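Rule-based calculations on the coordinates, nothing more; no lab input. These figures come from a predicted structure and were not determined experimentally. Cβ atoms come from the backbone with ideal geometry, glycine included; neighbour counts cover every protein chain shown.
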Amino acid sequence: MLTPIIDSNRRRRMSVTRLYLCGQSLWQIVAELGIDKTAVAHELTEIHKEWAADPHRGGTEAKARELARLDHMESEAWLAWERSQKDSTRVKKAEKKGENVLCETVTQTRDGDPRFLAAAQRAIDKRMAIFGFVRSRKSAADADEGVVNYTRFLGEVEKERSHKANETANQEPGHRDVF
C-alpha cells in the first residue's frame with residue numbers, strides 16, 4: 001500500500017519547505033527533523049526544481065524562492081490574525097487564604113491585532129513588486145490609512161464595550177434595561 005509512504009514523503013517535504021522558508025540552513029533542518037542530510041538535500045533540490053518549473057513563480061529560482069518565502073510569510077500573518085481574534089483566557093491569582101489560593105479566570109474578547117493585517121499586506125506588496133505590479137505611493141498610503149482607521153475602529157469598539165460593562169455594573173440590583 002503506497003498511500004502511507006506518499007503521505008510520509010509529502011509531510012517530510014512540507015516540513016523541509018517550511019523550515020527552509022523560515023531561513024533555516026540544511027544542517028538546522030537535519031537537526032530539527034532528525035533525518036539524513038542527503039534526504040534533506042534531495043528534498044531541497046526537488047523543491048527548487050518545482051519552484052523553477054512553476055510559471056506563477058516567475059521562472060527563475062531566485063524569484064521562485066522569494067515568492068515562496070512571501071507566500072509563507074503571508075500565510076503565517078493570516079494565521080496570526082485569526083489567532084489574534086480569539087478570546088484570551090488567563091488565570092489571575094486573587095489572594096491566599098490559609099493554604100488555599102483563590103484564583104479568578106479572566107476572559108478577554110479580542111478583535112484582532114491589525115499589525116498582522118499590515119504584515120500580510122507587506123507580503124502582498126512585495127509579491128506585486130517582484131511581478132512588476134508596483135502600487136503607487138498613493139495606494140500604499142491608502143492601505144496604511146486603512147490599518148490606522150481599523151485600529152481607531154477597534155479602539156471605539158473597546159470603549160463602547162467597557163462603557164456598557166460599567167453601566168451594567170452600576171445598575172441597581174434587580175433592575176434590568178428593556179430592549
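May I ask you to compute the full-extension gain from residue 107 to residue 89, defined as 0.36 nm times their residue separation minus their alpha-carbon distance, rounded to one decimal in nm?
On the way: separation 18, 0.36 × 18 = 6.48 nm, distance 0.43 nm.
Length gained between residue 107 and residue 89: 6.0 nm.
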Listed residue pairs exceeding 27 Å between alpha carbons, taken from 92/159; 37/126; 86/159; 126/159: 37/126; 126/159
Nearest-0.05 FRET efficiency for residue 52 and residue 79 at R0 = 45 Å, using Cβ-Cβ distance, is 0.95
